[in-house]
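Below you'll find the structure, written out as structure tokens, and then a few comments.
Here, each number is a calculation from the coordinates, and none is a lab measurement. Just so it is clear, the model here is predicted, and its values are computed rather than measured. We place every Cβ from the backbone using ideal geometry, glycine too, and count neighbours over all the protein chains shown.
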Amino acid sequence: MRVLISGGGIAGPALAWWLHRAGADVTIVERAPGPRPGGHAVDVRGTARTVVERMGLMPAVRAQRVDERGIALVDARDRRLASMPAGLFGGEGIVAEIEISRGDLAGILLEATAATTEYRYGNQITALRQDDDGVDVTFASGGTERFDIVVGADGVHSGVRALAFGPESDFVRPLGGYGTYFTVPDPGDLDHWFLMFNAPGGRVAGLRPERGGTAKASLSFRTPERLGRLDRASRQRLLAERFAGVGWRVPSLLAALPEAGDFFFDSIDQVRVDRWSRGRVVLLGDAGYCGSPLAGLGTSMSLVGAYVLAGELAAAADPAAAFTAYQSTMAAYVADGTELPPGGMAAFAPGNRLMIRMRALSMRSMGRWPMKQLLAKQFAKSDAITLPDYAALAPHHS
Ligand SMILES: Cc1cc2nc3c(=O)[nH]c(=O)nc-3n(C[C@H](O)[C@H](O)[C@H](O)COP(=O)(O)OP(=O)(O)OC[C@H]3O[C@@H](n4cnc5c(N)ncnc54)[C@H](O)[C@@H]3O)c2cc1C
């Protein structure tokens with residue numbers, strides 16, 4: 001089976017790993033000129049942890065995990081308004097037991113697949129034409145090649161989805177805001193805590209510890225506008241304007257921004273696609289189902305989805321049957337995992353001081369009955385799927 005995966009983020013390389021074990025010939029086409037560094041700490045939760053264990057990558061993940069003790073909401077003078085230690089929900093709270101910087105996880109997956117997967121950077125699919133037996137793929141670099149299956153693992157703004165399913169506006173639901181992440185020098189006083197500061201006007205600044213003398217800054221803001229494509233200088237200007245005068249550590253974060261090698265800036269969106277396949281083309285990860293960073297299960301769903309998709313492709317008689325089984329196995333887990341936490345965007349980025357106080361109060365109550373019980377249910381979502389055992393993915397097949 002010749003498989004082309006568009007997108008070399010998290011979902012694409014994870015799928016390549018499992019498909020190789022099942023004996024497929026896998027190519028990844030990635031639009032960026034090389035592996036993309038950066039990203040906030042992402043968590044590997046619940047069932048996704050089992051997938052990483054089955055890949056034999058848990059020692060590498062643990063070795064690079066961020067030692068994060070919890071999350072604290074702070075005021076402009078860094079006083080704690082509320083906090084939630086990592087252990088509160090058995091390691092499955094807002095800060096999970098296994099937090100790893102997205103760039104480090106991408107690096108682990110890349111290393112695990114580099115020898116068995118052909119990576120083509122700086123290229124992308126420009127046309128797809130499928131018939132009963134395969135898909136003819138045209139690349140931006142020129143030339144057409146035939147594959148048995150094409151997978152769109154190219155994120156929220158998936159190119160494969162646009163080509164084979166329809167315009168982005170049919171599938172992407174904006175939550176009314178933008179988020180940005182970039183690396184800054186470690187300020188030295190985080191003490192392993194993720195600090196978050198809310199300012200009126202729906203503005204949120206965060207600073208998270210990471211490994212190796214740096215920290216990850218995030219600046220998010222609410223806006224009903226769609227900003228369109230902006231170059232880096234315009235994005236930086238926009239952030240400086242939106243965050244002017246908010247105080248806290250924001251001036252130093254903004255001052256460090258021009259030096260950051262990884263500057264990720266995107267709208268905060270959800271992705272809902274009713275049917276994840278069209279013929280021989282299928283979606284995986286954020287391209288097909290994304291709850292936004294607010295829902296927090298994107299990386300886990302990508303890892304679990306990669307395992308299930310590979311397993312079903314290896315087990316089924318034809319791609320259509322495999323894709324149906326992939327979706328039905330994942331459906332309930334994805335429905336839960338893409339659901340926003342209570343209050344959604346307004347709770348994450350409150351508009352005024354009263355709502356900011358309410359947010360802190362609500363976090364303070366999380367450790368106590370009845371909020372604790374309610375939230376335990378919310379965090380249990382990451383276990384809401386039982387991994388099937390696929391013969392072709394068992395270790396003796398490698
Ligand atoms: C640089 C970066 C930083 C991120 N930081 C965070 C973060 O801090 N917090 C958070 O919650 N989530 C973050 N995300 C999103 C997070 O990685 C995903 O939600 C999750 O891991 C699911 O992974 P995915 O592989 O489906 O999508 P992604 O990780 O988004 O990967 C998609 C990949 O497809 C590539 N791509 C896009 N369009 C095309 C195309 N047309 N052709 C070929 N390739 C294409 C992208 O360059 C990217 O490498 C980040 C994503 C990226 C790319």
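Arrange the peptides 280-291, 316-327 so that the one whose residues have, on average, the most other Cβ atoms within 10 Å appears first.
280-291, 316-327
Please arrange 47, 183, 126 by counting, for each residue, the other beta carbons lying within 10 Å of its beta carbon, fewest first.
Fewest-to-most Cβ neighbours within 10 Å comes out as 126, 47, 183.
Calculated from DSSP H runs of 4 or more alone, at -39500 (n - 2.57) each and per residue, what is the 222 nm mean residue ellipticity of the chain, nearest 500?
Working: 12 runs with 125 residues, N = 398.
Helix contribution divided over all residues of the chain: -9500 deg cm²/dmol.
Which value, in debye to the nearest 20, describes the size of the charge dipole of segment 287-398 about its Cα centre when Lys and Arg Cβ atoms bear +1, Asp and Glu Cβ atoms bear -1, and nothing else is charged?
It comes to approximately 1040 debye.
Where a ≥ b ≥ c are the square roots of the eigenvalues of the C-alpha gyration tensor, would you call segment 94-156 rounded, which needs a/c under 1.5, or, failing that, prolate if a/b is larger than b/c, or oblate?
Here segment 94-156 falls in the prolate category.
What residue among 334, 24, 86 has its Cα farthest toward the positive end of the dipole of the chain, where the charges are +1 on Lys, Arg and -1 on Asp, Glu, each on the Cβ?
The residue sitting most towards the positive pole is 86.
Tell me, what is the percent relative contact order of segment 102-201, built from C-alpha pairs under 8 Å that lie six or more residues apart? Walk me through the numbers on the way to the answer.
Values: 62 pairs, mean separation 13.2, N = 100.
For segment 102-201, the relative contact order is 13 percent.
Please give the Cα centre distance for segment 20-40 versus segment 245-318, rounded to the nearest Å.
14
How much length is gained on full extension from residue 389 to residue 76, taking 0.36 nm per residue of separation minus their Cα-Cα distance? Spell out each step's value before the answer.
Working: separation 313, 0.36 × 313 = 112.68 nm, distance 5.06 nm.
Stretched fully, the residue 389-residue 76 segment lengthens by 107.6 nm.
Which one, 238, 193, 251, projects farthest toward the positive side of the charge dipole computed for segment 191-254 from Cβ point charges (K/R +1, D/E -1)?
238
Arrange 377, 216, 372 by Cβ neighbour counts within 10 Å, fewest through most, would you? Provide the component values of the computation, followed by the final result.
Numbers: 377 8, 216 26, 372 13.
Exposure proxy ranking, most exposed first: 377, 372, 216.
Using a Förster distance of 45 angstrom, determine the FRET efficiency expected from the C-beta separation of residue 368 and residue 132, and round it to 0.05.
On the way: r = 59 Å, r/R0 = 1.31.
After rounding, the FRET efficiency stands at 0.15.
Can you tell me the relative contact order of segment 329-398? Whole percent, Cα pairs under 8 Å, sequence separation 6 or more.
Value for segment 329-398: 46 percent.
Under a plain spin-label model, where a point goes 7 Å from the Cα along Cα-to-Cβ, how far apart in nm are residue 252 and residue 331?
Label at residue 252, label at residue 331, 5.2 nm between them.
Rounded, prolate or oblate for segment 322-385? Axes are the square roots of the Cα gyration tensor eigenvalues, ordered a ≥ b ≥ c, and the cut-off for rounded is a/c under 1.5.
oblate
Residue separation times 0.36 nm, minus the C-alpha to C-alpha distance between residue 380 and residue 1: what's the value?
Extra length available between residue 380 and residue 1 comes to 132.8 nm.
When only C-alpha pairs under 8 Å and at least 6 residues apart count, what is the relative contact order of the chain, in percent?
Normalised by residue count, the contact order of the chain is 23 percent.
Is the C-alpha gyration tensor of segment 137-226 telling us rounded, prolate or oblate? Criteria: a/c under 1.5 is rounded; beyond that, a/b larger than b/c is prolate, otherwise oblate.
oblate
Under a crude label model (7 Å from the Cα following the beta-carbon direction), how far is residue 262 from residue 115 in nanometres?
Calculated label separation equals 2.6 nm.
What residues of segment 247-289 lie in the reach of a label at residue 148, counting those whose backbone N is under 14 Å from a point 7 Å from the Cα along Cα→Cβ?
280-281
How big is the charge dipole of the chain about its Cα centre, in debye rounded to the nearest 20, if each Lys and Arg gets +1 on its Cβ and each Asp and Glu gets -1 on its Cβ?
1540
Can you tell me how much longer the chain between residue 316 and residue 67 gets when fully stretched, taken as 0.36 nm per residue apart minus their C-alpha distance, in nm with one decimal?
Residue separation times 0.36 nm, minus the Cα-Cα distance, leaves 85.5 nm.
Just want the answer: with Cβ charges of +1 for Lys and Arg and -1 for Asp and Glu, which residue in 369, 10, 217 is farthest toward the dipole's positive end in the chain?
It is 369, whose Cα lies furthest towards the positive end.
Filter the trypsin sites (Lys or Arg not before Pro) in segment 27-124 down to the DSSP loop ones having no more than 13 other Cβ atoms within 10 Å, then list what survives.
Numbers: sites: 31, 45, 49, 54, 62, 65, 69, 77, 79, 80, 102, 120; in loops: 31, 45, 69, 77, 79.
Filter output for segment 27-124: 77, 79.
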